[in-house]
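Engineer: Structure below; questions to follow.
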Amino acid sequence: MLGMLGGGQLGRFFVIAAQKMGYAVVVLDPDKKSPAGQIADIHLCKSYDDVDALDQLKSLCQAVTTEFENIPATTLEYLENNLVVCPGSNAVSIVQNRIKEKTFLQSKNIPVGEFIIINNLKSIENLSNNQDIFPAILKTAQFGYDGKGQIHVKSVLETENAFRKFNLKPCILEKKLKLDLEVSVVLARSNEEDCVIYPLIENHHQSGILDLSIIPAQVNDLDKEESIRLATKIANDLDYVGVMAVEFFICSGKVIVNEIAPRPHNSGHFSIDACIQNQFDQQVLALTGNALGIEKINDCAVMLNLLGDIWLRNGTQKLPRFDLVEGPQVNVHLYDKEEARIGRKMGHITLVGNNTKQLIDKAERIREVLWKN
Ligand code: ADP
Ligand code: MG
């Protein structure tokens, strides 16, 4: 029996991978209808800091992992006393907080974009000496995802207003960069000798949410090698065990780190259809102390996210017409979420093949058909 903290779609794909390998899974998630909870062997419907639930986890399973960086690090520490927990509380506590994450990266000489820590109103006063940070994005240090917890600002006054909107909780102010491209590295690591890396992924966002991923990324060899070098260094420096993703900006010809995810990543979903061992298989293998391995079955893939927006295309919730886009090498994955909301990830489609340009065109045609019908 393996434990999964978090019941979203990433947890759901983990449950599928674990069950396929013969494990049972207990999911902890406070949502009665969570995507992973619905297919788990056991669903503990309690909050992530509920001591009774954590004790139950301890008695039910041998090893625990997570799908969601906002699990309190104290929960992981509590479980670490009795169970295998990976990734561990140390790595998660760093990457779940943007201030700790950026400070950690700087301390390891890993390039990050220009930023200023905003802890209180005093740090905002000091900004008047730092006008060249604007235009900028104020991001809450914790609990943001899919572009949530971020406000774009152009002046000291706008920053103060935004900081008040976030109830004066610690934030970072990031200079808004002109991005040439975004890429990510998804890797799985057991130890320094056993670390496997998926092909570099190119990511396109809409309103701060991942929209489309292209594999392999269409970048030059130098940028590719640099992103992979940096991601590997981060994993080694954190002594990371499990699946990790690093998001990069390519900006004025430089590769810089945007953020780290201590879990499988939306951009790694192509691996479900394009590889023998997908990112969730690796999560199971790392957690259970087995050897990792990637075998590719397709040269190229394109992944299109399906947001609730398509369900709501005519005002009321209606399942998109997937029957109109089905065909060989079109893989539709739905997460079994009852309620569609704007910006909510409801599923994704992966196209596999051997010609990137054709796959991108096909993804755009599929998008159009789903929107128009
Ligand atoms: P999340 O936790 O929501 O993924 P990110 O910090 O990765 O938060 O921001 C989401 C997206 O917003 C990024 O992938 C990028 O497209 C855009 N973005 C974030 N920070 C910056 C920045 N400093 N400059 C330009 N674009 C940014
Ligand atoms: Mg991100």
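The values are calculated or read from the model by the stated rules, or taken from the named source; none is laboratory data. Computed from a predicted structure; not experimentally measured. Neighbour counts run over all protein chains shown; Cβ positions are idealised from the backbone, glycine included.
Engineer: Can you name the residue in the range 337-368 that is surrounded by fewer than 19 Cβ atoms within 10 Å (Cβ to Cβ) and touching a helix residue (DSSP H, G or I) at 6+ places or on another chain (Cβ under 6 Å) and is also farthest from residue 34 (Cα to Cα) among such residues?
Structural biologist: 353
Engineer: Being in contact with a Pro (Cβ under 8 Å, 6 or more places away or on another chain) and outside any strand (DSSP E or B) is the filter here, so list the residues in the range 239-262 that pass it.
Structural biologist: 240, 241, 262
Engineer: Taking only pairs six or more apart or across chains, which ones have beta-carbon atoms under 8 Å, a first residue in the range 247-264 that is assigned by TED's automatic domain parsing to the domain that holds residue 198 and within 15 Å of ligand 2 (Cβ to nearest atom), and a second residue that is of a type in the set (Ser, Thr, Tyr) and assigned to a loop (DSSP other than H, G, I, E, B)?
Structural biologist: 262/240
Engineer: So, one more: May I ask you to say which residue of 166, 280, 248 is surrounded by 18 or more Cβ atoms within 10 Å (Cβ to Cβ), aromatic (Phe, Trp, Tyr) and away from ligand 1 (no atom under 16 Å from the Cβ)?
Structural biologist: Going through 166, 280, 248 in turn, the sole match is 280.
Engineer: Regarding the range 312-328, can at least one residue be identified that is in contact (Cβ under 8 Å) with a residue 60 or more places away in the chain and away from ligand 2 (no atom under 16 Å from the Cβ)?
Structural biologist: no
Engineer: What is the one condition in (1) more than 16 Å from ligand 2 (Cβ to nearest atom); (2) at pLDDT 95 or above that residue 203 does not satisfy?
Structural biologist: (1)
Engineer: Since residue 225 meets every condition but one in (1) without any contact (Cβ under 8 Å) to a residue 40 or more places away in the chain; (2) in a helix (DSSP H, G or I); (3) within 16 Å of ligand 1 (Cβ to nearest atom), which condition does it not meet?
Structural biologist: Of the numbered conditions (1) without any contact (Cβ under 8 Å) to a residue 40 or more places away in the chain; (2) in a helix (DSSP H, G or I); (3) within 16 Å of ligand 1 (Cβ to nearest atom), the odd one out for residue 225 is (3).
Engineer: Would you check which residues across the range 157-189 are polar (S, T, N, Q) and either under 21 Å from the mean Cα position of the chain (by Cα) or within 16 Å of ligand 2 (Cβ to nearest atom) (or both) and list them?
Structural biologist: 184
Engineer: Related question: Out of everything in the range 79-92 that is without any contact (Cβ under 8 Å) to a residue 24 or more places away in the chain and surrounded by fewer than 18 Cβ atoms within 10 Å (Cβ to Cβ), what residue ends up being farthest from residue 261 (Cα to Cα)?
Structural biologist: Applying the filter and picking the extreme gives 81.
Engineer: Can you say whether residue 303 is in contact with a helix residue (DSSP H, G or I) (Cβ under 9 Å, 6 or more places away or on another chain), in a strand (DSSP E or B) and either more than 22 Å from residue 216 (Cα to Cα) or among the basic types (Lys, Arg) (or both), as far as the supplied structure shows?
Structural biologist: So residue 303 fails the test.
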